[in-house]
Amino acid sequence: MQPLAFVDLETTGGSATKDRITEIGIVLVDESGVREWSQLVHPQTRIPVFIEQMTGITNAMVANAPRFEAVAEEVGALLQGHLFIAHNARFDYGFLKNEFKRLGMTFQPTVLCTVKLSRTLYPEYRHHNLDSLIERYNLKAKDRHRALADAQLIHQFWTHLAASFSVSALNDTVQQLVSRSSLPSHIDPLLIHDLPEGPGVYLFYGENDLPLYIGKSINIRQRVLSHFSADHRDTKEMTLSQQLRRIDWIETAGELGALLTEAKLIKQLMPTHNRRLRRKNDLCAWQLLQQEDEQLRPTLIWADDLDFGSQNNLYGLYHNQRDAQKALRSIADQYQLCLSSLGLEETAKGRPCFAYQIKKCKGACVGYEKPLEHAARLMVAMTKLKLTTWPYRGAIGIKEGDEIHVIDRWCYLGTAKHESEIHDLLAGGRPAFDRDTYLMLSKALKKAKVISLAAV
């Protein structure tokens, strides 16, 4: 295993792009033995009172400390060639990455997170924060929430692991956690550490501002990396990798938010590598209408002609007339319905339809089955395809985490975090009825926490 660097930082807050480092602590383990290094850093901003109280590092203590630019080369030299190990490593790596970036310096360590390492090696435990490890393994904390002291704790945890697992087992686990996906050549390999591990939508871009592909996942990081782990086996993924220049993402409160956002963005932006959710302008459904001859006949209705969210007598949702007719023929075959009575075949009055001739029709076309009997069997056959009429008085909100998805007659208006945003979404009107959104919502509403927005 390569030389190790156990790293901990103290900062002015939790944002790697807005807040700054106040202290760096490093424990190095290599052929020279174990060495320790620490340094207070002037953050070029005030340390908030609650941070002073938590860490014990005050504004007075850092007043005469060097700025990061003064210690950057030394820190870089210390970490060079070492495996960067930190607890919740994304935090510490993110801060150092941004500090080096401000100076125009490259910082590309191999990173290992001991939170993930603990979860992998000890899945039976629920908590893996540093305080839990201290209590569980009797680690000795000298000065908690100071950089060097916490780096020493991480080193102690590593020592415990080395005594508890074989070299090969520990090494294999580490390699599994630090192995880098074969990211496309134009993408910064350190992006791996920036990708969130929660739900949301990710967007792949090429040379311009129109996305190549939009996807969703309950774990954005895992899903994005999976695209490239198989790019040598899949022609589509290989083509996408060659075109890719930039990756963006939108985090959501949960899976439903990711599903709705993905469908909305794909229809708005029409990415070239998406097919399934791209907008279909000729959405249609069957409506059962009574004819003069008392037959109940399916009539194809188009989305532009009816309010699909409110209409009660609609069956199936199809992207075009061909798909609709194909589905109706399948039902006719399954239930021995008359092709002529369904309007799928033109025959002279009193002449049998083709299905009757091959004994797949009970004779409605030639009077052997009464119109009402055929209509009753047709209603039963179409039951599973019936669209659910919007069951609420008006718009609703679906609560997911700290977000509210605003829905009106099966149309997704958007997601709000504050009441003022709900008003804005309702005032913006409804988009066109969308088949994919309807299917998502009809399933989600069975277990969703619904808030009535009729009076908002």
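Here are some notes:
- Single residue of Leu372, Leu342 found to be surrounded by fewer than 17 Cβ atoms within 10 Å (Cβ to Cβ) and in contact (Cβ under 8 Å) with a residue 24 or more places away in the chain: Leu372
- Checking each residue in the stretch 364-423 for being closer than 21 Å to Lys447 by Cβ and β-branched (Val, Ile, Thr) picks out Thr388, Thr389, Ile396, Ile398, Ile404, Val406, Ile407, Thr415.
- Residue in the stretch 383-399 that is under 30 Å from Ala253 (Cα atoms) and charged (D, E, K, R) present: yes
- Take the conditions (1) in contact with a Gly (Cβ under 8 Å, 6 or more places away or on another chain); (2) buried (at least 20 other Cβ atoms within 10 Å of the Cβ); (3) closer than 15 Å to Trp390 by Cα; (4) modelled with pLDDT of 90 or more; Leu441 misses just one of them, which is (1).
- Considering residues of the stretch 110-132 that are in contact (Cβ under 8 Å) with a residue 40 or more places away in the chain and part of a helix (DSSP H, G or I) only, the residue nearest to the chain's Cα centre (by Cα): Lys116
- Contacts under 7 angstrom Cβ, first residue in the stretch 249-260 being not assigned by TED's automatic domain parsing to the domain that holds Ile404, partner in a loop (DSSP other than H, G, I, E, B) and of a type in the set (S, T, N, Q), 6 or more apart: Ala258/Thr252
- Of the residues making up the stretch 110-139, those that are surrounded by fewer than 14 Cβ atoms within 10 Å (Cβ to Cβ) and either of a type in the set (Asp, Glu) or farther than 18 Å from Ser164 by Cα (or both) are Glu124, Arg126, His127, Asn129, Asp131, Glu135.
- Near pairs, Cβ below 6 angstrom, 6+ apart or cross-chain, from the stretch 425-439 (among the polar types (S, T, N, Q)) to any residue that is crowded, with 21+ Cβ neighbours inside 10 Å: Thr437/Ala263; Thr437/Tyr412
- Top-ranked residue in the stretch 418-433 [being modelled with pLDDT under 90 and over 23 Å from Thr389 (Cα atoms); ranked as nearest to the chain's Cα centre (by Cα)]: His418
- Odd one out for Ala324 among (1) outside any helix (DSSP H, G or I); (2) surrounded by 12 or more Cβ atoms within 10 Å (Cβ to Cβ); (3) out of contact with any helix residue (DSSP H, G or I) (no Cβ under 7 Å at 6 or more places or on another chain): (1)
- Within the stretch 215-268, considering residues that are hydrophobic (A, V, I, L, M, F, W, C) and assigned to a loop (DSSP other than H, G, I, E, B), the one modelled with the lowest pLDDT: Ala230
- Any chance Ala432 is within 30 Å of Arg351 (Cα to Cα), in contact with a Lys or Arg (Cβ under 9 Å, 6 or more places away or on another chain) and not charged (D, E, K, R): no
- Between Thr58, Thr114, Thr110, the distinction of being at pLDDT 95 or above and among the hydroxyl-bearing types (Ser, Thr, Tyr) belongs to Thr58 only.
- Residue within the stretch 46-58 that is more than 35 Å from the chain's Cα centre (by Cα), free of Cβ contacts under 8 Å to residues at least 24 places away in the same chain and closer than 30 Å to Val167 by Cα present: no
- Leading residue by the ranking (farthest from Ala5 (Cα to Cα)) among those in the stretch 139-167 that are in a helix (DSSP H, G or I) and hydroxyl-bearing (Ser, Thr, Tyr): Ser164
- For the stretch 140-152, a residue qualifies if it is touching a strand residue (DSSP E or B) at 6+ places or on another chain (Cβ under 9 Å) and either loosely packed, with under 14 Cβ neighbours inside 10 Å or within 15 Å of Leu112 (Cα to Cα) (or both), and exactly one does: Ala151.
The values are calculated or read from the model by the stated rules, or taken from the named source; none is laboratory data. Note that the coordinates shown come from a computational prediction; the quantities given were computed from them, not determined experimentally. With ideal geometry, Cβ positions are generated from the backbone for all residues, glycine too; neighbour counts draw on all protein chains shown.
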